[in-house]
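Right, one structure below, let's go through it.
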Amino acid sequence: MRLFVGVTDDQWFHFLAGQARCEEVNFWRPSGTGFQALGEGELFLFKLHAPNHFIVGGGFFARALHLPLSLAWDSFGTTNGVRDLAEMRRKIGKYRREPEATLGNPPITCLMLAEPFFFPREEWIPVPASFKSNIVVGKGYNTEDEEGRWLFDAVTERLSARGPLSAGECPATVAAAQTPRYGAPQIVRPRLGQGTFRALVTEAYGRRCAVTGEKTLPVLEAAHVQPYASGGPHEVSNGLLLRSDLHRLYDQGYITVEPDERRLLVSPRIREEFQNGRHYYALEGQRIADPQEKFAPVTHQRLLYHAEHVYRV
């Protein structure tokens with residue numbers, strides 16, 4: 001297993017560590033640079049700025065995306081590690097040395113981490129000897145190497161001491177915590193949060209409504225095909241990017257997607273209940289767009305669930 005130790009802002013860490021429950025975090029960077037150091041389910045660890053040369057927590061890597069600031073904020077909110085959008089804009093302007101007035105809606109690098117953990121002060125881990133004080137961004141490790149294995153064991157020892165965890169809620173954490181001493185680490189896909197779901201579905205459909213092709217980002221929303229409250233996961237294979245009005249109709253069962261041909265069906269209930277809906281009936285039979293190649297399409301099983309259990313005939 002690979003690990004990456006990323007240098008983080010102290011305020012970012014303490015703000016998130018002080019939250020009651022945090023199922024995901026966005027470890028963002030102010031520029032649009034790429035990140036290829038980790039694969040899904042590998043460990044991303046937080047190291048504070050000097051003089052605090054300690055690893056203080058981490059999370060399990062989900063995905064790296066370049067997102068406009070507005071989408072990063074709408075997706076993650078305070079799990080960006082700031083109190084509000086204005087504060088986030090100030091920080092980006094500071095790091096980029098650019099006046100806020102000219103920032104616009106800049107793209108930023110979003111390293112989306114699931115199942116985050118934050119260690120209390122007495123459990124902070126000193127950085128390995130190879131992590132030099134002049135490292136600004138971070139450094140990668142591997143459990144096949146001595147330092148990487150030591151670091152992995154130090155982290156998992158603290159995770160396992162936290163008491164019983166649910167594999168349903170924290171599958172990657174449980175797998176790491178249950179790794180035998182000197183045993184091969186098992187990489188398990190982490191449980192994604194709502195913010196990561198929204199960001200991934202938005203990117204999967206190229207920031208276009210899967211039905212109409214609408215590209216105005218503020219009116220596009222990630223819809224669960226099988227509702228989350230009914231066991232549907234926060235996964236791209238359970239998501240559609242829809243214009244906000246279509247999203248509401250979809251959630252309430254006034255429209256659905258036929259599972260085999262993947263064409264839009266519009267319920268007669270719209271006409272019966274609201275004596276309207278001409279615009280929506282014009283979309284009847286429209287085939288939904290496929291996600292981009294690197295993303296999984298919605299499964300037949302999820303579409304069938306919505307058609308049978310949510311759609312109003």
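Among A64, A199, A161, the largest mean-square fluctuation in a Gaussian network model of the chain (Cα springs under 10 Å) belongs to A161.
Build a GNM of the chain with springs between Cα atoms under 10 Å apart, and of P120, P190, P51 the one that fluctuates most is P51. What separates the Cα centres of region 206-240 and region 84-111 is a distance of 27 Å. In terms of its alpha-carbon gyration tensor, region 21-97 comes out rounded; the largest-to-smallest axis ratio a/c stays below the 1.5 threshold. Extension gain for the segment L265 to N52, taken as residue separation times 0.36 nm less the Cα-Cα distance, is 70.9 nm to one decimal. Restricting attention to the chain, close to 85% of DSSP beta bridges with both partner residues there are antiparallel.
Rank the residues W73, W124 as a footprinting-exposure proxy: fewest other Cβ atoms within 10 Å of their Cβ go first. All intermediate terms of the calculation are to be shown ahead of the outcome.
Values: W73 21, W124 17.
With the fewest neighbours first, W73, W124 line up as W124, W73.
Label sites at E157 and Q252, each approximated as a point 7 angstrom past Cα along Cα to Cβ, lie 5.7 nm apart.
Arranged from fewest to most other beta-carbon atoms within 10 Å of their beta carbon, R29, R191, R121 become R121, R29, R191.
With springs only between Cα atoms under 10 Å, which of P106, P180, P128 fluctuates most in a Gaussian network model of the chain? Of P106, P180, P128, the Gaussian network model singles out P180 as fluctuating most. Roughly what angle does helix 194-204 make with the longest principal axis of the chain, taking Cα atoms, 0 to 90 degrees, to the nearest 10? Between helix and principal axis, roughly 70 degrees.
Given the choices (1) 1.20; (2) 1.11; (3) 0.92, Cα Rg over 2.2 N^0.38 Å derived from the coordinates of this structure is entry (2).
Here, each number is a calculation from the coordinates, and none is a lab measurement. The structure displayed is predicted, hence computed values, not measured ones. Neighbour counts are summed over all protein chains in view; Cβ atoms, including those assigned to glycine, are modelled from backbone coordinates with ideal geometry.
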